[in-house]
1. For Lys30 and Ile76, what does the FRET efficiency come to when R0 = 22 Å and r is the distance between their Cβ atoms, rounded to the nearest 0.05?
2. Taking K and R as +1 and D and E as -1, what net charge do the other residues with C-beta under 12 Å from the C-beta of Thr149 add up to?
3. Compute the Rg/Rh shape ratio of segment 118-188: radius of gyration over Kirkwood radius, all on alpha-carbon atoms.
4. Of all alpha-carbon pairs in the chain, indicate the percentage at a distance above 26 angstrom.
5. In segment 145-235, which chymotrypsin sites (Phe, Trp or Tyr not before Pro) fall in coil by DSSP and have 12 or fewer other Cβ atoms within 10 Å?
6. Eight or more residues apart or on different chains, and alpha-carbon atoms under 22 Å: count the Lys pairs in segment 149-265 matching that.
7. Which is farthest toward the positive dipole end of the chain among Leu152, Leu251, Cys131, measuring Cα position about the Cα centre, with Cβ charges +1 (Lys, Arg) and -1 (Asp, Glu)?
8. Net charge within 10 Å of Ser68 by Cβ-Cβ distance, Lys/Arg positive one each and Asp/Glu negative one each, not counting Ser68 itself?
Amino acid sequence: MSRVEIRPLGNGIVEAVLNRPEKHNAVDWKMMQAWRDTAYTLAKDRSIRAIILRGEGASFCSGLDFGSFTKMPQRIAQGFVPWGRTNLFQEVCRAWRDIPAPVIAVLHGRCYGAGIQLALAADFRYTTPDCQISVLEAKWGLVPDMSGTITLRELVGIDQAKLLTFTGRKILGTEARRIGLVTDASDDPLAAARALAEEICTRSPDSVAVGKKLLQENWFASENKALSRERWLQLGLLVGGNFREAVKANLQKRSPDFNKRSWLR
């Protein structure tokens with residue numbers, strides 16, 4: 001059985017489901033590779049408009065399966081070998097940020113360590129109020145090293161990031177919402193995620209993909225670089241068929257019929 005299953009929901013929306021429920025979706029070697037490979041597969045599919053990332057069973061993800069990894073120390077060493085700008089541990093989460101379609105994570109049960117770092121790589125996070133969230137690396141004498149230090153800084157202040165990283169304390173979904181770590185907390189986060197995915201699918205796939213790319217690259221860029229990216233990416237949208245369709249649909253007061261395939265992919 002695949003550690004991550006891709007399940008089409010229709011209208012260009014798919015679910016990516018972590019599927020090791022008997023272990024609360026804890027990350028072993030196969031799961032880690034499945035995270036990366038699934039992200040690569042989804043990034044190549046130009047028909048996908050939105051992705052809902054969730055866990056099967058009682059939890060989203062309870063973190064790294066240390067029992068599994070400590071039996072194979074050579075695998076840990078292999079995971080730290082750099083290739084390009086990342087190593088394997090970093091790439092399995094960072095790759096989700098490179099998917100042009102928006103990724104919406106749905107959290108419940110446990111969301112620890114590697115699990116919260118994967119969730120942080122999504123564009124949005126919807127959680128149950130009682131979901132337990134922790135940067136649990138502190139328990140093992142470690143620090144977040146699966147791109148979590150990059151994604152944390154985009155969401156919370158440095159004092160909150162340090163608090164989570166130094167203590168490994170478990171906070172509930174309601175507290176995570178208060179500090180900005182998640183988008184929202186509700187009793188049915190999956191329904192909220194699906195509603196958002198449907199709303200996003202009413203917009204041009206080009207403008208959504210460009211908006212994601214632009215905001216991620218400009219968030220900490222210099223003003224000159226940010227303005228330059230705005231200009232060039234907007235020009236690309238202006239010459240695209242989906243822009244022309246959006247204009248026509250608005251003038252004719254009808255729903256747009258977009259080409260579902262974003263030119264970014």
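Each value in this text was obtained by applying a stated rule to the coordinates, not by laboratory testing. No experiment lies behind these values; they were computed from the predicted model shown. Using ideal geometry, Cβ is built from the backbone for each residue, glycine included, and neighbour counts are taken over all protein chains shown.
1. Working: r = 15 Å, r/R0 = 0.68.
In this case the efficiency is close to 0.90.
2. Numbers: positive: Arg94, Arg153, Lys162; negative: Glu137, Asp145, Glu154.
Result for the neighbourhood of Thr149: 0.
3. Values: Rg = 11.4 Å, Rh = 12.2 Å.
Reported Rg/Rh, Kirkwood definition of Rh: 0.94.
4. Working: 14862 of 34980 pairs.
Tail of the P(r) past 26 Å holds 42 percent of the pairs.
5. Values: sites: Phe166, Trp219, Phe220, Trp232; in loops: Trp219, Phe220.
Hits after loop and neighbour filter: Trp219, Phe220.
6. Details: Lys162/Lys170; Lys212/Lys225; Lys212/Lys260; Lys213/Lys225; Lys213/Lys260; Lys248/Lys260.
Close lysine pairs under the 22 Å cut-off: 6.
7. My answer, from the dipole projection, is Leu251.
8. Details: positive: Lys23, Lys30, Lys71, Arg75; negative: Asp28, Asp65.
Combined, the nearby Lys, Arg, Asp and Glu give +2.
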